[in-house]
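Encoded as structure tokens, the structure appears first; notes follow it.
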Amino acid sequence: MTGTTPRRRHSPAVYRRRRLALLLLALLVIAGVVWLLIAQPWAVAATDTSDETEPSQQQDTADSLPVPSSQATSGGTDTGVVEGAVVEGATPTPGATPTALPCVASEISVEAVTSADTYAGDQKPEFSITLTNNGADCTLNVGTTAQSFTVTSGDDVWWRSTDCQSEPSDMIVMIAAGQTVSSAAPLTWDRTRSAVGTCADGNRPLAPGGGSSYHLSVEIGGIGSTEPKQFLLY
């Protein structure tokens, strides 16, 4: 008759080691749960993902155009337009590199805009620029260095905004596809003839009125207006 093999009993030291191992495992699980609740690594991951925006989204986009300062008023006083007026929502970050390609002239439409079609003798014409991007997202220098307003009557050039412009500056921004951008504020003409060296003169010749016809042409970023805008002085 075969007898049963007596069950081997472990020493108390073995049981103590097993209980210690189970206790350590339980502590590790508890520590992991606490770390997940406090550190919240998923929140960090979500933040990192939101920061990874497309380059085109980080590019400053123009909402309006800055207005050049001009001293083309009698006596050399300023027109009241602040030089280098900041484009709303489009202040370039120092050192930022535009990601979109430069605008193609054939895809940009530039329009000369006057505040009225006719002006009485005591009214001063106000001029603006409107541009439309008919192509893809692109970058353009819309700063005051890249803008010009010219008033002519027939072949006679009466006034240029660049003749008496002070401290022009560059501002390269992105123009979104299909976007239309206009001057943040109009530029005022005092109805006198401009010329470099006469900006401080108080007796510059006045442009003839009586229904005389004038034309405004504008340029921005090296792109000229499609056609001049006619207006009359009385």
Given the conditions (1) without any contact (Cβ under 8 Å) to a residue 40 or more places away in the chain; (2) exposed (fewer than 15 other Cβ atoms within 10 Å of the Cβ); (3) not polar (S, T, N, Q), every one holds for A105 apart from (1)
Unique residue being aromatic (F, W, Y) and open to solvent by 70 Å² or more (accessible area, probe 1.4 Å) when the list is Y234, Y214: Y234
Which one of these is modelled with pLDDT under 95, touching a Phe, Trp or Tyr at 6+ places or on another chain (Cβ under 8 Å) and open to solvent by 20 Å² or more (accessible area, probe 1.4 Å): G121, G89? G121
Residue count for region 196-210, restricted to those that are in a loop (DSSP other than H, G, I, E, B) and open to solvent by 40 Å² or more (accessible area, probe 1.4 Å): 9
Can you tell me how many residues within region 171-192 are part of a loop (DSSP other than H, G, I, E, B) and under 23 Å from N134 (Cα atoms)? 6
Qualifying position, being assigned to a strand (DSSP E or B), of a type in the set (D, E, K, R) and open to solvent by 40 Å² or more (accessible area, probe 1.4 Å), among E219, E167, E227: E219
Considering region 139-162 alone, what residues qualify as being part of a loop (DSSP other than H, G, I, E, B), farther than 10 Å from V218 by Cα and open to solvent by less than 30 Å² (accessible area, probe 1.4 Å)? V142, G143
Sort through K229, K124 and tell me the only one that's of a type outside the set (V, I, T), touching a residue at least 24 places away in the same chain (Cβ under 8 Å) and farther than 28 Å from E107 by Cα. K124
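The values are calculated or read from the model by the stated rules, or taken from the named source; none is laboratory data. It should be emphasised that the depicted structure is a prediction, and the values quoted were computed from it without experimental measurement. FYI the Cβ positions are ideal-geometry reconstructions off the backbone, even for glycines, and counts take in every protein chain you see. These accessible areas exclude ligands, DNA and RNA; they are computed on the full protein's heavy atoms, side chains included. Shrake-Rupley method; radii C 1.70, N 1.55, O 1.52, S 1.80 Å.
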